[in-house]
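**Q** Mind looking over this structure? Questions follow.
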Amino acid sequence: YIFFLFYLRYPPNKYQTQARLSPPDQYGFGQIEKFDKFDFTFKLPKNGSNFVSVAYPHDFKGQVDETLIKKIKVRNEEIFWIYSVE
């Protein structure tokens with residue numbers, strides 16, 4: 001989410017009033033789940049359009065047609081998948 005905030009030049013005061021933090025994990029750290037229209041939890045819309053999902057390959061678990069996915073690789077290892085619907 002930090003990259004979104006930085007590159008979009010998102011106003012800090014606006015972010016701070018709406019950011020949603022997850023409960024702390026076993027190490028005491030929380031994760032930003034959502035702010036504005038950006039949702040960092042993985043869930044595919046049921047019948048949505050105009051969305052992009054970026055996630056690890058295992059997150060998709062056969063839920064989408066793989067021919068529609070852009071696969072980001074590092075040294076032949078698939079790191080992220082990008083699935084978009086317009």
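**Q** Loop-only chymotrypsin sites (Phe, Trp or Tyr not before Pro) in the chain, please: DSSP not H, G, I, E or B, and at most 15 other Cβ atoms within 10 Å. Each step should come with its number before you reach the end.
**A** Working: sites: Y1, F3, F4, F6, Y7, Y15, Y27, F29, F35, F38, F40, F42, F51, F60, F80, W81, Y83; in loops: Y1, Y27, F29, F40, F42.
Sparse-neighbourhood loop chymotrypsin sites (Phe, Trp or Tyr not before Pro): Y1, Y27, F29, F40, F42.
**Q** Suppose every K and R has +1 on its Cβ and every D and E has -1 on its Cβ; what is the size of the dipole of the range 42-86 about the Cα centre, in Debye to the nearest 20? Please report the intermediate quantities before stating the final value.
**A** Details: 7 positive and 6 negative charges, 18 e Å.
The dipole magnitude comes to about 80 debye.
**Q** Kindly provide the helix-only [θ] at 222 nm of the chain, computed as the sum of -39,500 (n - 2.57) over DSSP H runs of four or more divided by all residues, to the nearest 500 deg cm²/dmol?
**A** Working: 3 runs with 17 residues, N = 86.
Roughly -4500 deg cm²/dmol at 222 nm, from the helical runs in the chain.
**Q** Also, quick follow-up: Under the rule of at least 5 residues apart or a separate chain, name every residue whose amide H is placed under 5 Å from the amide H of K34.
**A** For K34, the qualifying residues are R20, F40.
**Q** Hey, got a sec? Which trypsin sites (Lys or Arg not before Pro) in the range 25-55 land in a DSSP loop and have at most 10 other Cβ atoms within 10 Å? Walk me through the intermediate numbers first.
**A** Numbers: sites: K34, K37, K43, K46; in loops: K37, K43, K46.
Taking the range 25-55 and a limit of 10 other Cβ atoms within 10 Å, the loop trypsin sites (Lys or Arg not before Pro) found are K37, K43, K46.
**Q** So between I2 and Y15, what do we pick up on full extension, going 0.36 nm a residue minus the alpha carbon distance? List each step's numbers first, then the result.
**A** Numbers: separation 13, 0.36 × 13 = 4.68 nm, distance 1.09 nm.
Working it through step by step, the gained length comes to 3.6 nm.
Quick note: the coordinates plus some simple rules give every number you see, no bench work behind them. These figures come from a predicted structure and were not determined experimentally. No Cβ is skipped: glycine too gets one built from the backbone with ideal geometry, and neighbour counts run over all protein chains shown.
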